[in-house]
Amino acid sequence: MRSWKYFSIFLNLACLSCIAQGAPSCLTILNYVKKNLPHHGILKNSDGFLYVDIDDEYIHQLVLFIQKEGFEEPPYFGRPDLVGAHITVIYPDEVKEYGISEIQECGEVIDFTPRECQVVRPLNLQEVDEVYFLSVDAPALDRIREKYGLPKREYDFHITIGMKPITPIAKAR
C-alpha cells in the first residue's frame with residue numbers, strides 16, 4: 001500500500017497531466033463555503049512540504065455534496081503524520097531544488113477566497129478516476145513562492161475535497 005503521507009504531493013503532480021471537466025454541485029458548494037467555512041488557514045511545514053492547514057470541514061462537509069457522484073474523502077486523515085485538509089504551497093522537491101532552508105512565514109495566517117470547482121481526470125494514476133478541487137485565490141501564497149525564487153504555479157492553488165476511485169468501467173475508457 002502506498003504511503004499516504006505524501007499522497008497529496010503525488011496527486012498534485014499527477015494532475016499536472018490531466019483532463020478537466022465540469023464540476024457537479026459547484027454553486028451549492030461555493031454557497032456553503034461562503035456561509036459556513038473559514039477563508040483562512042495557518043501556513044505549516046512538514047518535512048519540506050509547505051501547506052496551508054485549513055479546517056478539515058472543507059473535506060468532511062463538502063464531500064457530502066458530491067458523494068452521490070461517487071467521490072470519497074481524500075486519504076489525508078486518521079494518523080498524526082497526515083496533514084488533513086490543506087492547500088499545497090511548495091513541494092519538498094522544490095525546497096531542495098531551490099535551496100530553501102527555512103520558510104520564515106510558517107505560523108502565519110493565510111487568507112484565501114474560494115473561486116470555482118474543478119473536476120480533473122489524472123492521466124497517470126491507476127487508483128483514482130477523478131479528483132474534485134475547490135480552486136482558491138491566495139495572493140499571499142504567490143508572494144511567498146516569489147520571495148523564495150520559485151516560479152508561478154502551473155495550476156491554481158486548491159483544496160482537494162473528493163476523489164473518485166477507479167472502477168472497471170472507468171478503466172475501460
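Read-outs throughout are calculated quantities, based only on the coordinates presented, and are distinct from any laboratory measurement. Remember, it's a predicted structure, so these values are computed and weren't measured experimentally. Methodologically, a virtual Cβ is constructed for each residue, glycine included, from the backbone with ideal geometry; neighbour enumeration extends over all protein chains shown.
Here are the numbers for the structure shown:
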| item | result |
| --- | --- |
| Where chymotrypsin sites (Phe, Trp or Tyr not before Pro) fall in DSSP loop in the range 54-93, at most 14 other Cβ within 10 Å | Phe77 |
| Residue-count net charge about Thr160 - beta-carbon cut-off 13 Å; Lys, Arg +1, Asp, Glu -1 | -4 |
| Relative exposure of Ile100, Ile161, judged by other C-beta atoms within 10 Å (fewest first) | Ile100, Ile161 |
| Extension gain, Ile166 back to Glu102 (0.36 nm per residue minus Cα-Cα distance, nm) | 19.2 nm |
| Over 19 Å between alpha carbons, listed pairs Lys34/Lys152; Lys68/Lys164; Lys35/Lys68 | Lys34/Lys152; Lys35/Lys68 |
